[in-house]
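Worksheet: the structure to be examined is printed underneath.
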Amino acid sequence: MLIDVKNLAIKGEWEHLELKIYDRLPVHVRSPSAVACRFQIQQVDKYYLLTLHAKSTLTVICQRCLQEFAYQYTNVTQVALASSDEMADKLMEKYECIVTLNDQLDLQELVTDELHLYVEEFHREIKDCDNEVAQYITDASTISQ
Ligand SMILES: [Zn+2]
């Protein structure tokens, strides 16, 4: 899903699109995953600044008890889009950076990378895990003490 950075910066409006991601998802996230994106690109000096809101209800397979659960994912990021490595080096102090080729950005790639960084692998609390597994974990930790 390539987006045209330059044209979108000229428009300067908030864009909406829904990505359906099949590949390269984290192993604990069910495929396909639909992620709603709202984003805006602004030109700042010689680079572009992308503000991206991503939102989805993901199906996550808990890596502790292997039960699936609905995970409400929301994430907001701001990324600088640089046209060269040199420029990216300069911007790194202030922003997370991506070097773009011909002012094109693969939005799906970026959103997928963020899922790897931010989606939790487990039920938030052990007590939310499958009962039998939770019991087993509790027992095991009692024995090891
Ligand atoms: Zn669990």
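The values are calculated or read from the model by the stated rules, or taken from the named source; none is laboratory data. Here the structure is a predicted model, which is why all the values come from computation and not from measurement. Cβ atoms come from the backbone with ideal geometry, glycine included; neighbour counts cover every protein chain shown. These area figures cover heavy atoms from the full protein model, side chains too; ligands, DNA and RNA do not enter into them. Shrake-Rupley method; radii C 1.70, N 1.55, O 1.52, S 1.80 Å.
Some notes on this structure:
- For region 17-131: rounded, prolate or oblate by the Cα gyration tensor [a/c cutoff 1.5]: prolate
- Nonpolar atom fraction for the chain, defined as the carbon and sulfur part of the 1.4 Å probe accessible area, stands at 48 percent.
- Taking 0.36 nm per residue of sequence separation and removing the Cα-Cα distance, the I10/A140 pair yields an extension gain of 40.9 nm.
- Counting only residues at least eight positions apart within a chain, or on another chain, the lysines with an alpha carbon under 29 Å from that of K55 are K6, K11, K20, K94, K127.
- In range of the label at N102: residues from region 38-73 whose backbone nitrogen is under 20 Å from the point 7 Å along Cα→Cβ: 48
- Cα-centred dipole magnitude for the chain, charges only on beta-carbon of K, R (+1) and D, E (-1), debye, nearest 20: 320
- Computed [θ] at 222 nm, deg cm²/dmol, the chain (DSSP H ≥ 4; -39,500 (n - 2.57); rounded to nearest 500): -8000 deg cm²/dmol
- Taking the DSSP beta bridges with both ends in the chain, the antiparallel portion is around 90 percent.
- Listed residue (T74, H53, L17) projecting farthest to the positive dipole end of region 1-110, Cβ model: T74
- Considering only S141, V44, H123, and ranking their Cα positions along the charge dipole of region 37-145 that arises from unit charges at the beta-carbon of Lys, Arg, Asp and Glu, the one farthest toward the positive end is V44.
- Qualifying GluC sites (Glu not before Pro) in region 48-113, where qualification requires a DSSP coil assignment and no more than 12 other C-beta atoms within 10 Å, comprise E93.
- Axis angle, to the nearest 10 degrees, between helix 107-118 and the longest C-alpha principal axis of the chain: 40 degrees.
- Alpha-carbon centroid distance for the pair region 108-124 / region 42-99, whole angstrom: 10
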